[in-house]
1. Order the peptides B:46-57, B:31-42, A:16-27 from the highest to the lowest mean number of other Cβ atoms within 10 Å of their residues.
2. Name the aspartates and glutamates eligible as straight-distance cross-link partners of A:Lys20: C-alpha to C-alpha under 15 Å, and not fewer than 8 places from it in the same chain.
3. Starting from the exponent 0.38 and prefactor 2.2 Å, build the expected Rg for the protein assembly as shown from its residue count and divide its actual Cα Rg by it.
4. Can you work out D for the range B:41-85 in µm² s⁻¹ from Stokes-Einstein, where Rh is the Kirkwood radius over C-alpha pairs, the temperature is 10 °C and the viscosity is 1.306 mPa s?
5. Provide a whole-number value for the mean count of partner chain Cβ atoms within 10 Å of the Cβ atoms in peptide A:41-51.
6. Quick one: the Cα spread of the range B:6-52 along its three principal axes, in angstroms, biggest first?
7. Assuming a viscosity of 1.002 mPa s and a temperature of 20 °C, what translational diffusion coefficient in µm² per second does Stokes-Einstein assign to the range A:29-119, Rh being the Kirkwood radius over Cα pairs?
8. Give me the one-decimal nm value for the distance between modelled label points at A:Lys55 and A:Thr31, 7 Å along each residue's Cα-to-Cβ direction.
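What follows draws every value from the coordinates through simple rules; no lab data is involved. Bear in mind that the values here come from a model prediction, so they are computed numbers and not experimental data. All Cβ positions, even for glycine, are placed from backbone atoms using ideal geometry, and neighbour counts span all protein chains on display.
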Amino acid sequence: GAVVSQHPSWVICKSGTSVKIECRSLDFQATTMFWYRQFPKQSLMLMATSNEGSKATYEQGVEKDKFLINHASLTLSTLTVTSAHPEDSSFYICSARGGRLAESSYEQYFGPGTRLTVT
Amino acid sequence: GQNIDQPTEMTATEGAIVQINCTYQTSGFNGLFWYQQHAGEAPTFLSYNVLDGLEEKGRFSSFLSRSKGYSYLLLKELQMKDSASYLCAVRDRRQLTFGSGTQLTVLP
């Protein structure tokens, strides 16, 4: 099956600093990538959707100037949390869709997630 | 928008069968997914239904009724490793929206 990787798997940063999270599709071309956030004991909440080469579409309530998304190629998307605060501490998960295989046309493949802790 | 409802918690015994229900309301239905998520890990794909009926995949089966806005995930021959959160997710023309998840605990 298709593989999506994320880096780093966990990160601790100080309040006010910025953190970049990378999401890569390893064996297929991801035409669309999704960024989710999950707080403890809650479900995944979609933050934004990005298509390669175009601006991301953010969900209501998600600050686009705080969560910068870049989908520069068909295999890489990045999420930068700028001026991070303790309330941004969460589990960030990317997901990718697209590819040549028929079964990947509808399925979203999830990365392993990045645990962000802001102190 | 979408509204997805599933039970918060369920408990079952090893070797038993459990059914996790999911009801939804959406415009532009384009498929229903079930995912399994262990604590601290990303979700893993279990099943996909876009037409009415039952899809079977080993110990897991998923059913969909589009007219009723209803789906269920059936887990047979439960194993301890099946203890996890099970997420129902509905896709419309634009995005995949997740339910709050059902935490399943399998007891010995």
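1. Values: B:46-57: 13.8, B:31-42: 18.7, A:16-27: 17.0.
Going from most to least packed, we get B:31-42, A:16-27, B:46-57.
2. A:Asp65, A:Asp88
3. Details: Rg = 17.7 Å, N = 227, 2.2 N^0.38 = 17.3 Å.
Rg over 2.2 N^0.38 Å, computed on Cα atoms: 1.02.
4. Details: Rh = 11.7 Å.
After rounding, the answer is 136 µm²/s.
5. Per-residue shielding by partner chains comes out at 4.
6. 37, 23, 18
7. On the way: Rh = 13.6 Å.
My calculation gives 157 µm²/s for D.
8. Once both label points are built, they end up 2.3 nm from each other.
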